[in-house]
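The block underneath contains the structure these notes are about, expressed in structure tokens.
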Amino acid sequence: MPKLKLNPIVLIVINILAPSMYIFLNGSFLKIYLVIFATVLLLAMGCYKIFLITALVYAGMEGIIMLSSIFHPIESFALFLVVLQQSVPCFGLVFALMKKYSSAELLSSLETMRIPRTLVVAVTITLKYIPTFAREFKYIRESMRLRGIPFTLRRPVKSFQYFVVPQLFRCAALSEEVTAAGLVKGIDAPIKRTSYFEQKFRFTDALILVLFIAGLIGGFVWYKK
């Protein structure tokens, strides 16, 4: 079965619209709707690992929230999870966006939206730096293990320091590398860039967006009756 290949703009628009809709829509409806919609999209795109991780995180949060009605000391923590849980489907789509699309594809798609170049570059770098940030943490943990430095909760500030200080130095180095790579690729050129990846807005992309917006409008009308 062929995997669905969406224009990255579709996933970006969904992630912009979904959180803002909690102001206008019933929270329980939007929560269920986003879970179903994100599940269908992740499976159609072939992001099975991301779907599984997202589902486990969501189920774990739901379990803690249900447990809080019995074990009252964790009620405040469960209240925080209720708010965070609403964003889990969006996080799943963001991770799919980072995994399935390269920086060049993201740039090519965003440049068709007539938005400022600085914003396009900022969004692209942010989305692609998150997995790099996680990979750097793995390297730091491995270095700590080789040097016999344990990460212990008995000294959280000290342990956290071992993570943060190297990461800050790596952030400075990586920012220089990213800037140099962007300049080489002509990111600051005043003319319109061409790209090997032509991200056109196809019928499938429009259909997904129409279905998503139609579901939001339907939920709004239903709960306003």
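Can you name the residue in the range 150-178 that is among the β-branched types (Val, Ile, Thr) and loosely packed, with under 14 Cβ neighbours inside 10 Å and, of all such residues, is modelled with the lowest pLDDT? Reasoning before the result, please.
Narrowing the range 150-178 to residues among the β-branched types (Val, Ile, Thr): 152, 157, 164-165, 178.
Restricting the remaining residues to those that are loosely packed, with under 14 Cβ neighbours inside 10 Å gives 152, 157, 164-165.
On the way: Thr152: 64, Val157: 70, Val164: 73, Val165: 75.
Residue satisfying both the conditions and the ranking: Thr152.
I'd like to check something: does the range 34-55 contain any residue that is touching a residue at least 12 places away in the same chain (Cβ under 8 Å) and farther than 19 Å from Lys99 by Cβ?
Checked the range 34-55: at least one residue is touching a residue at least 12 places away in the same chain (Cβ under 8 Å) and farther than 19 Å from Lys99 by Cβ.
Does Thr39 count as out of contact with any Leu (no Cβ under 8 Å at 6 or more places or on another chain) and of a type outside the set (A, V, I, L, M, F, W, C)? Break it down stepwise before answering.
Details: out of contact with any Leu (no Cβ under 8 Å at 6 or more places or on another chain): yes; of a type outside the set (A, V, I, L, M, F, W, C): yes.
Yes; evaluated as a whole, the condition is true for this residue.
One line per residue, one yes/no per condition, for (1) closer than 25 Å to Trp222 by Cβ; (2) in contact with a helix residue (DSSP H, G or I) (Cβ under 7 Å, 6 or more places away or on another chain):
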| residue | (1), (2) |
| --- | --- |
| Lys5 | no, no |
| Lys31 | yes, no |
| Leu34 | yes, yes |
| Thr39 | yes, yes |
| Leu52 | no, no |
| Ile70 | no, no |
| Pro73 | no, no |
| Leu81 | no, yes |
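Go through the range 99-109 residue by residue and tally those that are surrounded by fewer than 21 Cβ atoms within 10 Å (Cβ to Cβ) and not in a loop (DSSP other than H, G, I, E, B). Spell out the reasoning first.
The first filter runs over the range 99-109 and keeps only residues surrounded by fewer than 21 Cβ atoms within 10 Å (Cβ to Cβ), leaving 99-100, 102-105.
Retained after the next criterion (residues that are not in a loop (DSSP other than H, G, I, E, B)): 99-100, 103-105.
So the answer is 5.
Quick one: in the range 212-225, of everything that is modelled with pLDDT of 80 or more and loosely packed, with under 12 Cβ neighbours inside 10 Å, which residue is nearest to Val40 (Cα to Cα)?
Residue satisfying both the conditions and the ranking: Ala214.
The values are calculated or read from the model by the stated rules, or taken from the named source; none is laboratory data. Predicted model, so just to flag it, every value in this text is computed and none were measured. Reconstructed Cβ throughout: ideal geometry from the backbone, glycine too, with neighbour counts over all protein chains shown.
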